[in-house]
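Here's the structure we're looking at; comments come further down.
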Amino acid sequence: MSGKRIVLGVTGGIAAYKAVELVRRLRETGAEVRVVMTTGARAFVTPLTFQAVSGQPVHTELLDESAEAGMGHIELARWADQVVVAPATAHFMAQLAHGLAPDLLSTLCLASAAPVLLAPAMNQQMWDNPATRANCQVLSDRGITLAGPASGSQACGDTGPGRMLEPIEIVQRLGVSGTGCLQGRVVVVTAGPTFEDIDPVRFIGNRSSGKMGFAVAEAALAAGARVHLVAGPVNLRTPAGVERADVRGAVEMRDVALALAAGADLFISVAAVADYTPAKPERQKIKKGPPRQTLDLESTPDIVAEVAAMEEGPLTVGFAAETENLRQHARDKLSRKRLDMIAANRVGLDGSGFESEMNEIVILTPEGETDLGKGNKRDLARLLVEEAARRLKGKDDIESCTAQNTRPATRN
Ligand code: C5P
């Protein structure tokens, strides 16, 4: 985190006092922190407190000549590598979900290309309110990270979800102190669907949103790896620090993925790659014709199988999205594609496993299986990355052991 530039937005909730410790924790990691406070936040904690702990002037006004002369709101938005809002009130999240910008913090969030993490804090009834639920969904669909809230006793006397995460947990969610199990490793992740062009306006696609793949890339980064993300056409923000290459069709994805896999330790193939592509995409739009049309399709390269077949290639992990006979189909793929691991998840016409935030995963290896259970994609991604890292370490141990055993005996 050394040198990382963080804008910390503080909004008007009692948890604002915890944001003071958050500034301290972030600075301990080497990050530079600039605090932006809403009017509500200033009813709980004074700007002077944040100025003292951040070592920087605190920003409060949008239309203030002297403030704009120092660091204007657009400059501040560009300066940030990461925006964190803690605590984020229900009101602030509603503003952000609707693209409103009445004050400095909300304007800055709209104007910044940096990833945004919100640590919600509110009364449990407010958190459960359908309006808040809908706003959370909108924000999360736009790639904004919601960290928490935790459940427990609240300042208002209620018990339930709505407590802001502890500052150290927020720091962890920012990937500052991931498990470190992939420290020094290079990881390639493919994500999203592929679009196979039929003509200049039509294509064959699928329902993959890319959320699982992006969560895996983020988890690998938090675990200390350098991460290359090869993304099909998706509408998601790149997790800060991940190196992303955008591709469209399966052949393009294969070319980019294979080039990157050559220098990688771990390859995780989450993309829903089309199995077939039009043999000859038309250069002009196909006109309406007879009542039945036939599309000539040819099979696409199997990217993950090609990576698994590379000599001295990376540890290779596939995904199997199945509507039936989950384990059996996944195990067939594991052996047919000669993978080291496969993550099997059920998908359905109801959309489960695709656009949803939740998933259910079982990991299969040639030797056995580990059920990761149900959970949100971020948590499952972290568990998957930990499993892959364990296997990677096991592979290294076996290789170094084999190298020692085959080394010619030395005479004294
Ligand atoms: O055979 P199936 O498509 O179900 O296999 C799923 C796994 O194979 C996923 O990991 C997917 O990313 C990968 N795959 C691939 N190239 C293809 C088809 C699938 O890498 N052409």
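The values are calculated or read from the model by the stated rules, or taken from the named source; none is laboratory data. These figures come from a predicted structure and were not determined experimentally. Quick reminder, even Gly has a Cβ in these numbers, built from the backbone with ideal geometry, and neighbours come from all protein chains shown. Heads up: the accessible areas ignore ligands, DNA and RNA and are worked out on the full protein's heavy atoms, side chains in. Shrake-Rupley method; radii C 1.70, N 1.55, O 1.52, S 1.80 Å.
Assorted remarks:
- Inter-probe distance in nm under a simple model that places probes 7 Å from Cα toward Cβ, at residue 284 and residue 310: 4.2
- Rounded to the nearest 10 square angstrom, residue 333 shows an accessible area of 50 square angstrom against a 1.4 Å probe.
- 222 nm mean residue ellipticity, helices alone, for the chain (DSSP H n ≥ 4; -39,500 (n - 2.57); rounded to 500): -10500 deg cm²/dmol
- Cβ crowding within 10 Å averaged over residues, with 58-65, 159-166 ranked highest first: 159-166, 58-65
- Largest to smallest in accessible area, the residues 367, 387, 311, 324 fall in the order 311, 367, 324, 387 (1.4 Å probe, all protein chains included).
- Probe 1.4 Å - accessible area at residue 237, Å² to nearest ten: 80
- Solvent-accessible ranking of 298, 28, largest area first, probe 1.4 Å: 28, 298
- Within the accessible area of the chain, the carbon and sulfur atoms contribute 50%, probe 1.4 Å, all protein chains present.
- Helix axis angle, 377-406 relative to the chain longest principal axis, alpha carbon, degrees: 50
- Long pairs among 374/395; 280/333; 288/377; 285/377; 4/393; 4/395, criterion Cα-Cα beyond 32 Å: 288/377; 285/377; 4/395
- Near the amide H of residue 247, within less than 5 Å, lie the amide hydrogens of 231, 232, all on another chain or at least 5 residues away, with H placed in the peptide plane.
- Cα pair count fraction exceeding 33 Å, expressed as % - the chain: 42
- Cα long-axis angle, helix 130-141 against the chain (0 to 90 degrees, to the nearest 10): 50
- Taking 113, 250, 330 in turn, the Gaussian network model of the chain (Cα-Cα springs below 10 Å) assigns the largest fluctuation to 113.
- Within the assembled protein chains, the solvent-accessible surface assigned to residue 181 is about 50 Å², based on a 1.4 Å probe.
- Other residues lying with their Cβ under 13 Å from the Cβ of residue 328 contribute a combined charge of +1, Lys and Arg counting +1, Asp and Glu -1.
- Top positive-direction residue, dipole computed over region 214-371 with Cβ charges, set 223, 335, 320: 320
- Given in Å, the Rg to one decimal and the Dmax to the nearest whole number for the Cα atoms of region 5-177 are 14.9, 45.
- Proximal charge balance of residue 205 [Cβ under 11 Å; K/R count +1, D/E count -1]: +1
- Cα-based helix-to-principal-axis angle, 326-336 vs the chain, degrees rounded to 10: 60
- Most mobile listed residue (201, 116, 307) in the chain, GNM with C-alpha springs under 10 Å: 201
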